[in-house]
Amino acid sequence: MKCEVCFRKCDLSEGQEGFCKGRINRDGKIVAKNYGRISSAALDPMEKKPLVRFHPGSMILSVGSYGCSLRCPFCQNHEISQVDLEGQCEEVTPQQLVDKAVELVLYGNIGIAFTYNEPMVGYEFIRDTAKLAKEKGLKTVVVTSGNATISTLDEILPYIDAFNIDLKGFTPEAYRYVGGDLQTVKDFIAHAAKKAHVELTTLVVPGKNDSPEDMEKMAKWIASVSPDIVLHLSRYFPRYKETIPPTPLSTLESLQAIAKKYLHTVVLGNV
């Protein structure tokens, strides 16, 4: 059976896991192996997602599971995104998570953010939880690489208020570097922006996605979707398997100036 969640379309036999480690062919049906399994949770500032034009100054209950459809060499969360943590996570139901989010309203919480690993790997848990969250008046956020199909996105889109989507670069080479697919992400961004608040993040890695010409093309394309989309340009630091030196601040500033010709808001991160 083929999994239809992301561009890889893994062909899985009975009992076989997908590339992402979060989905499996079980009893003739491909399901989320990581459903309801929480590896990480924190009450975070909204700006940490990062979202700067969506309820700034508020807090949001952020949760992650395990698994990812990409293999970014610089992954900051590789301990949960690149490994199978079945049996090492706390199991919660959608109702239990929503109840916890409601309890935290007293501490400034306004909702639930699905983040840390690649949440779309387990989109069913997002969908089921976000439905209940909306009934309680909570906000819902998804932080994702956007490497999921439109049919998968449509499963959650009616219940999600905001996305931060990684745009890893704007060339096929940049996406080969992280093991993703540029067109899939572009389609995801354009579709999500029709129904939800969208902000984008590009981690600028020297020699991989820091070309001024590519930034010009990327900013123009984002503006064609909407010039109101916020672009976060984040500074890279060596992590996981990547040893390239950190991004010079001057590179970020020059790319920011280019992007600002087309977009209303371009902010720098990790500086």
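Brief remarks follow.
- Contact order normalised by residue count of region 181-255, Cα under 8 Å, 6+ apart, percent: 36
- Per-residue [θ]222 nm for the chain (sum of -39500 (n - 2.57) over DSSP H runs n ≥ 4, rounded to 500): -8000 deg cm²/dmol
- Kirkwood analysis of the Cα pair distances in region 1-136 returns a hydrodynamic radius of 15.6 Å.
- Dipole orientation for the chain: of the candidates T149, L51, L263, L263 has the Cα lying most toward the positive pole (charges on Cβ; Lys, Arg +1; Asp, Glu -1).
- Take every Cα pair under 8 Å whose residues are at least 6 apart in sequence, average their separation, divide by the length of the chain, and the relative contact order is 15 percent.
- Here the simple spin-label model places points 7 Å from the Cα toward Cβ, and for K260 and E242 these points are separated by 2.5 nm.
- Furthest towards positive pole of dipole, S211, S40, T247, structure part the chain, Cβ charges: S211
- Between helix 182-192 and the chain: long-axis angle, C-alpha atoms, 0 to 90°, nearest 10: 70
- The packing ranking of peptides 54-60, 146-152, 240-246, highest mean first, is 146-152, 54-60, 240-246, where packing means the average number of other beta carbon atoms within 10 angstrom of each residue.
- Rounded tilt (10° steps) of 249-259 against the dominant C-alpha axis of the chain: 90
- DSSP-defined beta bridges in the chain - what % are antiparallel, rounded to 5: 35
- Share of alpha-carbon pairs per 5 Å distance bin for region 16-85, given as whole %: 4, 16, 19, 18, 16, 14, 8, 4, 1, 0
- Relative contact order (percent, whole number), region 95-227, Cα cutoff 8 Å, 6+ residue spacing: 21
- Inter-part distance where region 62-141 and region 36-52 are each reduced to a Cα centre, Å: 8
- Binned Cα-Cα distances of region 113-271, short to long, each 10 Å bin given as a whole percent: 11, 40, 34, 14, 2
- From largest to smallest, the equivalent ellipsoid semi-axes obtained for the chain from the alpha-carbon gyration tensor read 28, 22, 17 Å.
A short reminder: the numbers here are calculations on the coordinates, not readings from a lab. Since we're looking at a predicted model, the values are computed, not measured. Every residue, glycine among them, receives a Cβ derived from its backbone with ideal geometry; neighbour counts consider all protein chains shown.
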